[in-house]
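Have a look at the structure below, then the notes.
The values are calculated or read from the model by the stated rules, or taken from the named source; none is laboratory data. This structure is a prediction, so every number in the text was calculated from the model and none was measured. Glycine also receives a Cβ, built like all others from the backbone with ideal geometry; neighbour counts cover every protein chain displayed.
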Amino acid sequence: MISPARFYRRWLVAATLCSVALPTAQAWAQAPHWVAAWAAAPQSVSDNPAAPGFDRAPAVRHQTVRQIIYTDATGAQVRIEISNRYGRVPLVLDAVHLAYARPSAAIEPASDRPVSFGGQRSIVIPAGQTVWSDPIGLAVQRGMPLAISFYLDGSVAPSTWHKLASQVNYLSESGDHVADAEGAAFRGRFTSYLWLSGVAVDTGAESNAYAVVAIGDSITDGMRSTLNANQRWPDLLARRLAQQNVAVVNAGISGNRLLSDSPCYGERLVSRFDADALTQPSVKVVLVLIGINDINFAATPAHGGLDCDLPHTRIDAAQLIAGYRTLVAAAHARGLRILGATLTPASLPPAREATREAVNQWIRHSASFDGVLDFDAVLRDPADPNRLLPRFDSDDHIHPSDAGYAAMAQSVPLSVLSPR
């Protein structure tokens with residue numbers, strides 16, 4: 001991975017800020033050289049007063065939020081997407097900046113660019129809405145860390161976030177620190193993404209670059225992978241595609257289900273599929289791994305306070321299969337390829353294991369998906385196929401270790417990622 005300083009010296013260009021209307025889905029279709037290069041699927045923040053600290057987003061009180069992302073495309077311009085999808089009031093961002101990231105919360109000062117929205121340096125995003133910025137004249141290279149800074153001159157309790165970032169992000173002391181080159185003001189740390197939901201890169205009008213979207217639950221989100229190391233399986237798949245002009249973006253949400261909403265784990269995937277996968281800029285292929293939480297959450301004990309597993313809906317294989325068929329139809333209606341991944345071992349008791357096995361047999365043999373990623377076969381222990389191979393187990397018997405995520409990424413035949 002190229003260092004931020006080396007990239008800056010080689011690729012620094014003058015800022016060229018273009019004042020244009022916020023792009024619509026139709027605008028993306030007319031500009032296929034804009035390619036999704038990073039994503040974090042938005043979730044609602046629970047307002048239950050009994051929510052524990054790890055289910056509460058950090059409050060922002062006249063402070064600057066600086067968040068670190070790694071783009072998966074190379075180009076001369078960038079757009080960023082900001083989401084107030086689950087907001088109950090308008091979101092006011094008084095200043096937004098983009099720069100090359102240096103270690104911790106520092107940035108390369110000469111790379112710092114103010115971000116505009118319809119030509120304006122501040123933005124008011126209505127509740128329930130998402131916006132894209134104007135193009136930002138900053139050359140970026142695949143694998144490059146970028147710092148995106150928001151200043152909010154008010155007191156805000158975030159209601160839209162992506163809970164599991166597997167990345168340390170930063171909250172400043174009081175004041176506007178969007179242009180601070182050093183990280184001294186950023187004393188707060190958190191491991192979520194606040195409001196930031198996407199990045200697109202202009203790969204060039206003649207480019208044939210496109211995006212692959214991986215969507216699913218915690219195994220796609222990278223739960224229990226090494227912090228700050230980009231060891232999620234979609235990250236590792238992206239590295240295999242580095243020479244092929246194909247970006248991989250991650251729309252996983254930990255705890256997410258195919259068929260049921262959750263107060264903590266996001267909208268059901270059948271509801272969020274269009275916004276989080278099908279309308280990503282220049283998406284051509286979608287990879288789906290979802291269903292184990294639908295099978296499991298019926299059996300988790302209900303409790304008072306914030307019960308993230310509500311509703312404890314009992315789901316059978318036929319219901320999951322109907323949900324998968326809905327995803328396939330939606331992807332095909334947009335002319336996209338959709339690949340289904342088998343559900344990975346989770347040391348389930350016999351009845352739930354039977355449902356998992358029935359679902360996997362359908363995924364493998366129904367020919368409903370355009371291809372199959374057999375992650376079950378990759379991760380299972382041959383001596384006990386309903387459990388993870390010990391070296392691929394992060395020790396909770398559900399989520400893979402870094403080695404398990406690497407095995408998943410390595411198992412994907414790159415040929416199945418070609419567009420139609």
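How about the range 299-318: which of its residues are buried (at least 17 other Cβ atoms within 10 Å of the Cβ) and assigned to a helix (DSSP H, G or I)?
Result: ALA317, single match.
Starting from the range 87-98, take each residue that is more than 13 Å from GLN67 (Cβ to Cβ) and list its partners that are in a strand (DSSP E or B) and at pLDDT 95 or above, counting only C-beta distances under 6 angstrom and pairs at least six apart or across chains.
Close Cβ pairs (under 6 Å, with a partner that is in a strand (DSSP E or B) and at pLDDT 95 or above) amount to GLY87/THR160; PRO90/VAL124; LEU91/ILE125; VAL92/VAL124; ASP94/TYR151; ASP94/ASP153; ALA95/TYR151.
Restricting to the range 234-249, give me the number of residues that are crowded, with 23+ Cβ neighbours inside 10 Å and either touching a Phe, Trp or Tyr at 6+ places or on another chain (Cβ under 8 Å) or part of a loop (DSSP other than H, G, I, E, B) (or both).
Within the range 234-249, the subset crowded, with 23+ Cβ neighbours inside 10 Å is 234, 237-238, 246-249.
Next cut, either touching a Phe, Trp or Tyr at 6+ places or on another chain (Cβ under 8 Å) or part of a loop (DSSP other than H, G, I, E, B) (or both) only: 246-247, 249.
Count: 3.
Looking only at the range 81-118, which residues are in a strand (DSSP E or B), more than 15 Å from LEU196 (Cβ to Cβ) and not β-branched (Val, Ile, Thr)? Please lay out each step first, then the result.
From the range 81-118, those in a strand (DSSP E or B) are 81-83, 91-93, 95-101, 107, 113-114, 117; that's our starting set.
This time we only want the ones that are more than 15 Å from LEU196 (Cβ to Cβ), so: 92, 100, 107, 113-114.
Those that are in a strand (DSSP E or B), more than 15 Å from LEU196 (Cβ to Cβ) and not β-branched (Val, Ile, Thr): TYR100, ARG113, PRO114.
Given (1) in contact with a strand residue (DSSP E or B) (Cβ under 7 Å, 6 or more places away or on another chain); (2) surrounded by 24 or more Cβ atoms within 10 Å (Cβ to Cβ), identify the lone condition not met by ASN230.
Of (1) in contact with a strand residue (DSSP E or B) (Cβ under 7 Å, 6 or more places away or on another chain); (2) surrounded by 24 or more Cβ atoms within 10 Å (Cβ to Cβ), only one is false for ASN230: (2).
Please determine, by comparing only the residues of the range 158-202 that are among the polar types (S, T, N, Q) and assigned to a strand (DSSP E or B), which one is surrounded by the fewest Cβ atoms within 10 Å (Cβ to Cβ).
Initially, the range 158-202 is screened for residues among the polar types (S, T, N, Q), giving 159-160, 166-167, 169, 172, 174, 191-192, 197.
Going one step further and asking which of them are assigned to a strand (DSSP E or B), we end up with 160, 169, 172, 174, 197.
On the way: THR160: 26, ASN169: 23, SER172: 24, SER174: 10, SER197: 25.
Across the range 158-202, the extreme among qualifying residues is SER174.
Please specify each residue of the range 119-150 satisfying the condition of being in a loop (DSSP other than H, G, I, E, B) and either polar (S, T, N, Q) or closer than 19 Å to TRP195 by Cα (or both).
At the first step, the residues of the range 119-150 found to be in a loop (DSSP other than H, G, I, E, B) are 119, 121-122, 126-129, 133-135, 137-139, 141-144.
Within the range 119-150, ARG121, SER122, PRO126, ALA127, GLY128, GLN129, SER133, ASP134, PRO135, GLN141 qualify.
Give the range 313-323 a look and list any residue that's closer than 14 Å to ARG352 by Cα, without any contact (Cβ under 8 Å) to a residue 40 or more places away in the chain and not charged (D, E, K, R), or say none.
Passing the criteria: only ALA318.
Applying the selection to the range 373-394, what residues are surrounded by fewer than 20 Cβ atoms within 10 Å (Cβ to Cβ), free of Cβ contacts under 8 Å to residues at least 60 places away in the same chain and over 20 Å from ARG352 (Cα atoms)?
Within the range 373-394, PRO390, ARG391 qualify.
Only residues in the range 253-266 that are not assigned by TED's automatic domain parsing to the domain that holds THR191 and buried (at least 21 other Cβ atoms within 10 Å of the Cβ) count as the first member; pair them with residues that are charged (D, E, K, R) and outside any loop (DSSP other than H, G, I, E, B), Cβ under 7 angstrom, at least 6 apart or cross-chain, and list the lot.
Correct list of pairs: ILE253/ASP221; SER254/ASP221; ARG257/ASP294; LEU258/ASP294; SER260/ASP294; CYS264/ASP55; GLY266/ARG272.
If SER111 satisfies every condition in (1) buried (at least 21 other Cβ atoms within 10 Å of the Cβ); (2) free of Cβ contacts under 8 Å to residues at least 60 places away in the same chain; (3) among the polar types (S, T, N, Q) but one, which is the exception?
With respect to (1) buried (at least 21 other Cβ atoms within 10 Å of the Cβ); (2) free of Cβ contacts under 8 Å to residues at least 60 places away in the same chain; (3) among the polar types (S, T, N, Q), SER111 is out only on (2).
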